[in-house]
1. Counting other beta carbons within 10 Å of each residue's own, what order do 52, 47, 20, 40 fall into, fewest first?
2. How big is the charge dipole of the stretch 13-148 about its Cα centre, in debye rounded to the nearest 20, if each Lys and Arg gets +1 on its Cβ and each Asp and Glu gets -1 on its Cβ?
3. Using the Kirkwood radius built from alpha carbon pairs, what does the Stokes-Einstein equation give as D for the stretch 9-152 at 25 °C and 0.890 mPa s, in µm² per second?
4. Which ordering of 33, 129 is given by a fewest-first count of other beta-carbon atoms within 10 Å?
5. Springs between alpha-carbon atoms under 10 Å, Gaussian network over the chain: tell me which of 30, 13, 79 tops the mean-square fluctuations.
6. Straight distance only, please: which lysines reach the Cα of residue 33 with their own Cα at less than 18 Å, same-chain residues fewer than 8 apart left out?
7. Sum -39500 (n - 2.57) across every DSSP H segment of at least 4 residues in the chain, then divide by the residue count to get the 222 nm mean residue ellipticity, nearest 500.
8. Please name which of 10, 24, 125 has its Cα lying farthest along the dipole of the chain towards the positive end, using unit charges on Cβ (Lys, Arg +1; Asp, Glu -1) and the Cα centre as origin.
Amino acid sequence: MKLSEHFTLLEFTKSQTALRRGIVNRPDPTAIKNMQRVAREILEPVRAHFSRAFSPSSGYRCAALNAAVGSKSHSQHLTGEAIDFEVPGIANPELANWIAETLIFDQLILEFFDPYFGPGSGWVHCSFKATANRGRILTLNRNRIMSGIQETL
């Protein structure tokens with residue numbers, strides 16, 4: 001099933017952890033609608049701007065999968081509202097800053113970026129809700145959360 005022009009339901013639900021542990025990571029219709037919004041409002045504009053194909057590294061997670069990967073019980077991955085991704089050849093801080101300056105989103109997190117390991121370290125987490133998007137921007141580095149992305153550059 002296509003969620004948008006360039007992104008599929010399979011890309012949003014695939015998980016090596018789920019495969020290894022025999023977890024069925026199947027979203028309900030509400031989560032599918034949320035994933036369609038994320039694909040349309042976040043991923044498609046990113047793909048168009050950077051002119052690069054990419055696939056998300058983590059999208060929807062059922063409760064069992066979310067627990068298996070050690071994520072929080074209130075993660076937006078549980079509702080299909082969040083996506084983790086990188087764009088090949090684009091520095092993750094550059095990607096996060098472009099999203100922060102250009103798109104509407106609920107939460108944007110530059111996760112585990114470390115300049116020591118280069119511009120491709122870590123990943124970008126972005127969420128989008130049907131209403132009341134907060135525009136919250138954070139950086140997460142080794143159990144330390146900071147407000148804003150610029151602090152890590």
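1. Ranking 52, 47, 20, 40 by Cβ neighbours within 10 Å, fewest first, gives 20, 52, 40, 47.
2. The dipole of the stretch 13-148 has a size of about 460 debye.
3. 160 µm²/s
4. 33, 129
5. Of 30, 13, 79, the Gaussian network model singles out 30 as fluctuating most.
6. 2, 14, 129
7. Here the helix-only value at 222 nm equals -7500 deg cm²/dmol.
8. 24
Bear in mind these aren't lab numbers, they're just calculated from the coordinates by the rules spelled out. Quick caveat, the model's predicted, so the values are computed rather than measured. With ideal geometry, Cβ positions are generated from the backbone for all residues, glycine too; neighbour counts draw on all protein chains shown.
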